[in-house]
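Data block below; observations after.
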Amino acid sequence: MGVLFGGGILLTVLVILFIFLLPLLALISALMNTFRGNDKIIWILLIIFLPFLGSVLYFLIGRNQRTNK
């Protein structure tokens, strides 16, 4: 309980925001960019079904796969 109350409440709020905000930002980024073939739908499904892992993978790998149109 000490992590949720007292000095750790700010850290708890930041972690919760990070967990919910990261997939949302990844999904927006994937939707707004163009990819080759079916890469876009694959990234969107990965982000939806594995929110945290899919988002991290998208920002590490997927953003480099975007096409410049």
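The values are calculated or read from the model by the stated rules, or taken from the named source; none is laboratory data. Quick caveat, the model's predicted, so the values are computed rather than measured. For neighbour counting, all protein chains shown are included, and Cβ atoms are generated from backbone atoms with ideal geometry for every residue, glycine included. When the accessible area is computed, the model is the full protein with side chains, heavy atoms only, and any ligands, DNA or RNA have been set aside. Shrake-Rupley method; radii C 1.70, N 1.55, O 1.52, S 1.80 Å.
Quick look at the numbers
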{"quantity": "Accessible-area composition of the chain, carbon plus sulfur, in percent [1.4 Å probe]", "calculated": "76 percent"}
{"quantity": "Stretch gain in nm, segment THR34-ILE16, where the contour uses 0.36 nm per residue and the Cα spacing is subtracted", "calculated": "3.5 nm"}
{"quantity": "Linear extension gain, ASN64 paired with LEU24, 0.36 nm per residue minus alpha-carbon span", "calculated": "12.5 nm"}
{"quantity": "Most to least packed among 26-36, 8-18 [average Cβ atoms within 10 Å]", "calculated": "26-36, 8-18"}
{"quantity": "For the chain, calculated [θ]222 nm from helices alone, where every DSSP H run of n ≥ 4 adds -39500 (n - 2.57)", "calculated": "-21500 deg cm²/dmol"}
{"quantity": "Along principal axes, Cα extents of the chain, largest first, whole Å", "calculated": "50, 21, 16"}
{"quantity": "PHE35 long-range amide H proximity, modeled H, under 5 Å", "calculated": "LYS40, THR67"}
